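A short worksheet on the structure shown next.
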Amino acid sequence: MATTRMMIVRRLGLAVLTVVVCSADLVSQQGPTAPNSSAASSSSVKEFPVNMKQSVTAGATPVATKVQAKLVVATLVDGTVFPQNTLFSGEVIESVAKSATDPSRVAIRMDSAQWKNGSAPVKVYLTAWFYPVIAAMGQDLSYGPPKPASQTWNGAGTYPDSNSPASRPFPSQDMSRSAESAPESPVYTVSKRRVPMKDVESEGNNDGAVAITSKRFNIKLDKLTTYVLATGDLPAGGPSPGSASTK
C-alpha cells in the first residue's frame, strides 16, 4: 500500500512539473510578441479614396487655401461608417513650384468629415497614391447570324417570298456586317487596387504630416482622379476601396 501511494505521489509530482514547464515555455514564447502585436495595431494607417472638389497646382495654389474632397465609396474606420460622398474639408499646408534645384511640393490636410446625418473630426493627408482608371472591353451587343428568310415569321400568318422586304430578318445582313465590323466600346472603371503616382514621392514630417514631391514635374491635382487620403504614409500595396480602412 505504501509503495502504491509513493508511485501516485511521484506521478502527480511529475505531472505538476510538466505543467509548470509547459506554462513557462508558453509565457516565454508569448512575451516578446505581445508588444509587436500592439504596436502594429496602433500604427495601422486609415485611408480614404476621394475625388478632389478643386484643382490644386504646386506653387500656384497658395498655402491656407481651403479645399474639399468627396469620398468615392463608403468606408468603415474604427467602428464609424463614412458614407459614400462624405465631404472632407481642409486646407493646403504646403505649395512649392518646381525649380531648377528643388522639387515641386504639395501637402493637403483634411480636418473634418461631414455627411448627411453626421460628422467626425479627422486628421488625414493627401498621399502619393491613387486608384487608376482601367479599360475593360464592353459587352458584345451585336446580334447573332441572321436566320434564312424561310425561317422568319412576318406576323402576317404566312412565310412570304424570300425576296419580299417583309421577310427579311432583323437586323439585316448588312446591319449585321456593320455590327460585326464595329469595334467593341471599352468600359472604364476604377481599379480595385491603389498604385503610387509616377515620379511622385511621399515624405513624412516629424509632426506626422505627409507631403508629396516630384523632381520631374510640377504637381497638379485634378478633380477626376481618385486620390488617397490617409492618417500617415502608406505602405506598398493596399486593399480595395471601402475595405482599406475597415477596423
If each K or R counts +1 and each D or E counts -1, the residues other than VAL56 whose Cβ falls under 13 Å of its Cβ total +3
Cα extents of the stretch 42-137 per principal axis, largest first, Å, are 46, 41, 29
Restricting to lysines and to Cα separations under 24 Å from LYS198, and discarding same-chain partners fewer than 8 apart, the set is LYS46, LYS53, LYS70, LYS98, LYS215, LYS220, LYS223
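Readers should treat all values here as calculations from the given coordinates under stated rules, not as data from a laboratory. Just so we're clear, the structure is a prediction, and the values are computed from it rather than from any experiment. Cβ coordinates were reconstructed from backbone atoms using ideal geometry, including for glycine residues, and neighbour counts include every protein chain displayed.
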